[in-house]
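Single-structure report; data block below.
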């Protein structure tokens with residue numbers, strides 16, 4: 001009997017607590033409608049339980065209240081999935097009527113982005129809207145979500161509707177296409193068509209270059225244009241040159257035709273950091289014989305990282321090159337354990353036949369750093385398999 005009473009009492013307490021939460025949510029929602037923005041923040045702690053009340057505010061609240069309700073739903077995140085239809089309505093209604101100054105529309109778009117994949121169908125529908133603000137906000141939300149099924153064709157259609165190269169909606173659509181990653185391969189021709197012609201540049205060029213880089217190896221058709229940007233002076237194209245370098249670094253071996261431009265940049269005394277350029281070369285893959293002079297210079301650099309990256313790339317061309325062997329052996333004695341780890345890893349990758357390399361690895365087997373010892377052991381294992 002006592003057990004039954006305890007169960008009944010627990011159910012009463014749960015019911016009482018739930019009723020108390022419902023009353024609190026209802027009260028806060030009413031305060032929000034009356035202009036108390038702090039009530040919207042307070043509703044967030046109730047999570048999914050507050051979503052119906054916030055939807056109600058979106059339906060018939062003031063502009064102020066709707067903006068705060070949308071913000072609260074965004075903070076609740078994926079658990080606010082049931083609010084997607086009403087948030088989409090807010091985005092399209094307020095975005096159309098009030099333009100870029102619409103707080104409810106902006107907050108609704110942000111919320112849809114934070115809710116995630118459940119918002120994708122509604123955002124794709126919003127991209128079909130004939131209002132550029134609505135399309136831009138929808139693209140911005142998709143950008144936050146990332147790869148989304150069916151988004152690329154809708155974004156491409158929206159891109160056709162954008163009215164000019166410097167419009168906000170166009171840049172947001174381009175950014176969203178880039179965030180789709182390799183799935184946006186079909187967008188590459190359209191993105192290349194947007195680039196500024198006749199040697200000039202515009203704000204949209206940066207967005208295009210960044211998007212192409214994010215699409216990655218699937219955007220290899222962009223390599224010739226990116227290579228041309230690499231050959232230009234910074235005074236001509238500004239930061240676009242650095243963006244092109246970064247984009248090429250994400251394209252892997254498909255960007256090998258850009259090597260001449262990247263090597264020219266490596267030789268510049270006032271160009272980007274040499275280490276950054278070497279990292280791009282490493283990302284693209286093996287350099288060619290035309291790279292040897294620049295890499296030889298890199299192996300004499302004051303910076304230990306530049307030396308080892310240069311040796312790693314040169315080692316893929318000439319694993320038994322004496323300069324490569326020398327740099328790697330000396331790098332195993334560097335103070336920084338990260339350099340010593342890189343040296344051991346590089347030795348294991350290129351495996352020079354010089355016996356001095358294995359001897360240096362054996363000497364480093366008792367290194368004071370555990371991670372260095374691990375890298376050395378793995379490298380020695382690769383030599384044994386050779």
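Every number in this text was worked out from the coordinates using simple rules, so none of it is lab data. Everything numeric in this text was worked out from a predicted model, so none of it was measured. Counting neighbours? That spans all protein chains shown, and the Cβs are built from the backbone with ideal geometry, glycine included.
FRET efficiency for the residue 193 to residue 264 pair, using the beta carbon distance and R₀ = 30 Å, is estimated at 0.65. Extension gain for residue 27 to residue 93 (0.36 nm times residue separation, less C-alpha to C-alpha distance): 21.1 nm.
With both labels modelled 7 Å from their Cα along Cα-to-Cβ, the residue 79 to residue 384 distance reads 5.3 nm.
So, R0 is 22 Å and r is the distance between the beta-carbons of residue 118 and residue 49; what FRET efficiency does that work out to, to 0.05? Each step should come with its number before you reach the end.
On the way: r = 18 Å, r/R0 = 0.81.
The calculated FRET efficiency here is 0.80.
Put the Cα centre of the stretch 156-196 next to the Cα centre of the stretch 204-239 and the gap is 14 Å.
From the C-alpha coordinates alone, can you work out the Kirkwood hydrodynamic radius of the chain, in Å? Write out the running numbers ahead of the final one.
Values: mean 1/r = 0.0402 Å⁻¹.
This gives a value of 24.9 Å.
Normalised by the residues of the stretch 269-361, what does the relative contact order come to in percent, with Cα pairs under 8 Å and at least six apart? Please list the in-between numbers first.
Values: 98 pairs, mean separation 21.7, N = 93.
Once divided by the residue count of the stretch 269-361, the mean separation gives 23 percent.
Available extension along the chain between residue 228 and residue 161 is 21.2 nm, counting 0.36 nm per residue and deducting the alpha carbon span. Placing R0 at 30 angstrom, the Cβ-Cβ distance between residue 144 and residue 303 gives a FRET efficiency of 0.20 after rounding to 0.05.
Based on the alpha-carbon gyration tensor of the stretch 276-322, what equivalent-ellipsoid semi-axes (square roots of 5 times the eigenvalues) come out, in whole Å, largest first?
Details: eigenvalues 40, 33, 16 Å².
Semi-axes, largest first: 14, 13, 9 Å.
Our summary gives the chain a relative contact order of 7 percent, counting only alpha carbon pairs under 8 angstrom and 6 or more residues apart. Between helix 84-98 and the chain there is an angle of about 90 degrees, using the helix long axis and the longest principal axis of the Cα atoms. Between 184, 219, 365, find the one with the highest GNM mean-square fluctuation for the chain; connect C-alpha pairs within less than 10 Å. Of 184, 219, 365, the Gaussian network model singles out 365 as fluctuating most. Extension gain, residue 125-residue 292: 0.36 nm per intervening residue step, less the Cα-Cα distance, totals 54.8 nm. On a 0 to 90° scale, report how tilted helix 203-215 is relative to the longest principal axis of the chain, with both axes built from alpha carbons and the result rounded to the nearest 10. Between helix and principal axis, roughly 80 degrees. Residue ranges 353-361, 247-255 sort as 247-255, 353-361 when ordered by packing (mean number of other C-beta atoms within 10 Å per residue, highest first).
The fraction of all Cα pairs in the stretch 291-386 landing in successive 5 Å bins from 0 to the largest distance is 2, 16, 29, 25, 17, 8, 2, 0, given as whole percents.
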